[in-house]
Amino acid sequence: MSGPGRRPETTIFTTMSALAQRHGAVNLGQGFPDESGPSHIIEAAARAMRDGHNQYPPLAGIPELRRAIAAHQRHWYDLAPDPDEGVTVTAGATEALTAAILAFVDPGDEVIALEPSYDSYKAAVAMAGGTLVPVRLDAPEGAQGHWRLDPARLAAAVSDRTRLLLVNSPHNPTGTVLDREELGAIAALAVERDLIAVTDEVYEHLVFDGREHVPLATLPGMWDRTVTIGSAGKTFSVTGWKIGWATGPAELVARVKDVKQWLSFASGTPFQYGITEALASGDGFYREYAAGYQERRDVMVAGLAAIGFDVHEPEGTYFVTAGIAPFGHEDGLRFCLELPERCGVVAVPTQVFYLDQAPRAEVRFAFCKRLDVIEEGLKRLRAGL
Ligand code: PMP
Ligand code: GLN
């Protein structure tokens, strides 16, 4: 933000994808898959268009999709949002996050988020007139280590002005999947300090090595105070459809809807039909999806490590963070701005996910790309660095 929430700066994803186009670079920056989702899902959206579903959907989304989202939450997590009052479809998770933040945050309020944190949080909190209070994750030690949350640091960040806990797991950009202990500490704090939680679970089905994704809303005392946000974009490889959702208790979801009506009102009618079909996928689809990405993660992690990056293996998501100090670089932003011309590859500097934006010797690579594209990216990095 360059002003008090009025003139948002350009996102790093726009900047880096433009550079990728200009240099014909392999885009391992912006997180979008280079393959479309399953063809029967695409066909369901096309059919909906041909069948005349081309006008506004209801504000909260078509009833079929709301029922499918509620069934998904029940099937995977034993959560039971009411399909009519406890689910709202949104223009991607981005709109759900922004609407929730605007709904619950008043000027002067503080919002706690894990740091590094996805860049739209800072913008949305600023739009609400609030202050983002980052709680840094501890950086991993060694390749097998993972970024972890220190519960004491989290507790110390809460003040009398704290209104909201913004929790993202699986976590972008680190790939960390919060475990039950970390989530338990967050839940205990939310209950003790009477805070609302908004959880960003867009990578819920992208967890590796047999880990489980645990929604914060499933923990004791959390259902009544949590808005859970998901997105079809990642799970079904249709990021351009921008179909996301917020689920939770009716009172909280009603407040998200109150704001949403002044943002998009509603969007994507035919895509909503497509995602209704997508959510009917059996468990096997989700298992194959995670297994496919685990394979790509392994190729990416091994490839980057062999080139000399200081790699931290992600537990989930389709991102990997990599230290660039071994190449004599201190500033990830400079490194990423030079990389397209130097190597024909695009990455994203992780410093943009920090409030202070201070130089960090670290970048993020996305591996939501075909294996041959990942291999080509690695080949170029090997040759150019
Ligand atoms: N949250 C996180 C952590 C993300 O990485 C993204 C996008 N990749 C979003 C939210 C936005 O999701 P959507 O594209 O559904 O708006
Ligand atoms: N969430 C995606 C990422 O982290 C990018 C989304 C966007 O371009 N705004 O790469």
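Quick notes on this one:
- Of all residues making up the range 36-60, the number that are not in a helix (DSSP H, G or I) and not aliphatic (A, V, I, L, M): 11
- Only one of Ala361, Ala306 that is surrounded by fewer than 24 Cβ atoms within 10 Å (Cβ to Cβ) and over 26 Å from Pro134 (Cβ atoms): Ala306
- Checked against (1) surrounded by 20 or more Cβ atoms within 10 Å (Cβ to Cβ); (2) away from ligand 1 (no atom under 16 Å from the Cβ), His75 meets all criteria but (1).
- Among (1) in contact with a Ser or Thr (Cβ under 7 Å, 6 or more places away or on another chain); (2) closer than 16 Å to Ala113 by Cβ, the one test that Leu206 misses: (2)
- Qualifying positions in the range 237-247 - more than 8 Å from ligand 1 (Cβ to nearest atom), in a loop (DSSP other than H, G, I, E, B) and over 16 Å from Thr317 (Cβ atoms): Val238
- Given (1) in contact (Cβ under 8 Å) with a residue 12 or more places away in the chain; (2) outside any strand (DSSP E or B), number of the condition Thr321 does not satisfy: (2)
- The one condition in (1) within 16 Å of ligand 2 (Cβ to nearest atom); (2) within 21 Å of Ser159 (Cα to Cα) that Leu97 fails to fulfil: (2)
- Among the residues of the range 79-99, none qualifies, meaning not one is farther than 30 Å from Phe353 by Cα, among the hydrophobic types (A, V, I, L, M, F, W, C), away from ligand 1 (no atom under 16 Å from the Cβ) and crowded, with 24+ Cβ neighbours inside 10 Å.
- Criterion applied to Gly175, Gly233 was being outside any loop (DSSP other than H, G, I, E, B), within 24 Å of Phe32 (Cβ to Cβ) and either assigned by TED's automatic domain parsing to the domain that holds Glu315 or within 16 Å of ligand 1 (Cβ to nearest atom) (or both), and the one residue passing it is Gly233.
- Residue within the range 9-16 that is surrounded by fewer than 16 Cβ atoms within 10 Å (Cβ to Cβ), within 15 Å of ligand 1 (Cβ to nearest atom), modelled with pLDDT under 95 and assigned to a loop (DSSP other than H, G, I, E, B) present: yes
- Hits in the range 140-155 - residues which are surrounded by 14 or more Cβ atoms within 10 Å (Cβ to Cβ) and touching a residue at least 40 places away in the same chain (Cβ under 8 Å): Pro140, His146, Trp147, Leu154
- Checked against (1) away from ligand 2 (no atom under 16 Å from the Cβ); (2) outside any helix (DSSP H, G or I), Pro33 meets all criteria but (1).
- Search result, residues across the range 276-291 that are more than 24 Å from Phe208 (Cβ to Cβ) and surrounded by 17 or more Cβ atoms within 10 Å (Cβ to Cβ): Thr276, Glu277
- Qualifying residue in the range 156-166 (condition: free of Cβ contacts under 8 Å to residues at least 60 places away in the same chain and buried (at least 24 other Cβ atoms within 10 Å of the Cβ)): yes
- Single residue of the range 309-323 satisfying the filter (under 21 Å from the mean Cα position of the chain (by Cα) and hydrophobic (A, V, I, L, M, F, W, C)) that is surrounded by the fewest Cβ atoms within 10 Å (Cβ to Cβ): Val311
- Subset of the range 110-149 [of a type in the set (Asp, Glu) and either over 19 Å from Val191 (Cβ atoms) or at pLDDT below 95 (or both)]: Glu115, Asp119, Asp138, Glu141
- Counting residues in the range 258-267 that are modelled with pLDDT of 95 or more, over 22 Å from Phe32 (Cβ atoms), crowded, with 24+ Cβ neighbours inside 10 Å and under 23 Å from the mean Cα position of the chain (by Cα) gives one or more.
- The range 324-338 - residue that is surrounded by fewer than 24 Cβ atoms within 10 Å (Cβ to Cβ) and part of a helix (DSSP H, G or I) and, of those, nearest to the chain's Cα centre (by Cα): Leu333
- Qualifying positions in the range 178-203 - more than 19 Å from Asp119 (Cβ to Cβ), part of a loop (DSSP other than H, G, I, E, B) and not aliphatic (A, V, I, L, M): Asp179, Arg193, Asp194
- Scanning the range 315-332 for residues that are in contact with a helix residue (DSSP H, G or I) (Cβ under 6 Å, 6 or more places away or on another chain) and of a type outside the set (Val, Ile, Thr) turns up Tyr318, Ala322, His329, Gly332.
The values are calculated or read from the model by the stated rules, or taken from the named source; none is laboratory data. All figures in this text were calculated on a predicted structure; none of them were measured in a lab. Cβ sites come from the backbone with ideal geometry, for glycine too, and all protein chains shown count toward neighbours.
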